[in-house]
Amino acid sequence: MSKIHEALKKLQKQGPAPKGAAGEKPAATKRRIPESVIPIARKKKIEITGEKHHLDEEKLIRRGLLAPLDQAVPVADEFRRIKRPLIDNALRHASHREDHMNLIMVASALPGAGKTFCSVNLAASISLERELNVMLVDADVAKPHISTAFGLAGRPGLIDLLEDETMSIDEVLVRTDLNDIVVMPAGRKHEQSTELLASERMEEVMDELATRYPDRLIVMDSPPLLATSEAPAVARQVGQIALVVESGATTNQELHDALELLDSEKAINVILNKSVYSQAGGYYGGGYGHYGFNDEQNGTE
């Protein structure tokens, strides 16, 4: 744990994003890149066919889940660096699927750090891999921001799958037109969501997700670790954890408390969010400019 604290301390010297930069609606700008914020993936093989759920990228930008068009390129570059160790870990353990290293939980200590933004953009970046596919799971069942923003609120999802053991995983998956990213919505709200996420049925579902498709990585947007009881239950099922830390906001004590809830034997990576740095200065990975957003303004986190 000390190595994580030491590395984060060095990164936090970059300082927080300028006041007002994060979370504000981007000013109208001329388009500097092609229409799509996410480049089109050119896969070696396409196995999934059929109707796709349409995602309005402009709407996702307004909701703060994708970077504004004039900032999309540097954000994409950052997530290329962020995804690489996660992919390497998954591929290195591909022959040991019981480790669930292809299940990646994106978490934060408290709301507002930008974990949902990181979940969506990490999945979008992984979708560009030619040999890999990606699934995005909305496991933040109390506040399902991805399901809402993607227009999937009310659709059967993770909670329905856990409650009804006769349902199959395929029944709750939605293929989108955002680079064929497959989404599992959160499903309906349930007063016993913590118990469902900690159940044997959850273990069965996660094991099937991890072992069914060897070329698929699963990115799970989880609840904040210190704000809910569901997050530790999700953390037990995954092989890797990407912990989003808000520069200039997440305290060392909050980080320490969040790490205490996680299994120290798991692969834990830190994403320093809403930080300021100079790319010319050779800064590498773990953060991305001031492209974060404010959960109070956008209703997301």
Keeping all protein chains in place, calculate the accessible area per residue for the range 129-253 (probe 1.4 angstrom), answer in Å². 37 Å²
Distance cut-off 25 Å, Cα to Cα: go down the list Lys59/Lys266; Lys115/Lys266; Lys59/Lys274; Lys115/Lys189 and report the pairs above it. Lys59/Lys266
Amide H contacts of Arg175 (H built 1.01 Å from N, under 5 Å, at least 5 apart or other chain): His53, Val183
Evaluate E = 1/(1 + (r/R0)^6) for Ile169 and Gln253, where r is the Cβ-Cβ distance and R0 equals 51 Å; express this FRET efficiency to the nearest 0.05. 0.85
Roughly what % antiparallel, to the nearest 5, for the DSSP beta bridges in the range 87-221? 15 percent
Length-normalised contact order of the range 62-193, Cα under 8 Å, at least 6 apart, in percent, tallies to 22 percent
Using the Cα gyration tensor of the range 136-215, with a ≥ b ≥ c the square roots of its eigenvalues, what is the shape: rounded (a/c below 1.5), prolate (a/b larger than b/c) or oblate (neither)? oblate
With a sphere of radius 13 Å drawn around the Cβ of Asp77, what net charge do the other residues whose Cβ falls strictly inside it have (Lys, Arg +1; Asp, Glu -1)? +3
List every residue whose amide H lies under 5 Å from the amide H of Leu217, counting only residues 5 or more places away in sequence or on a different chain, with H placed 1.01 Å from N in the peptide plane. Asn133, Val134, Met135
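The values are calculated or read from the model by the stated rules, or taken from the named source; none is laboratory data. All of these numbers come straight from a predicted model, not from anything done at the bench. Here the Cβ is made from the backbone with ideal geometry for all residues, glycine too, and neighbour counts use every protein chain on show. Quick note on the areas: whole protein, heavy atoms, side chains included, nothing else; ligands and nucleic acids left out. Shrake-Rupley method; radii C 1.70, N 1.55, O 1.52, S 1.80 Å.
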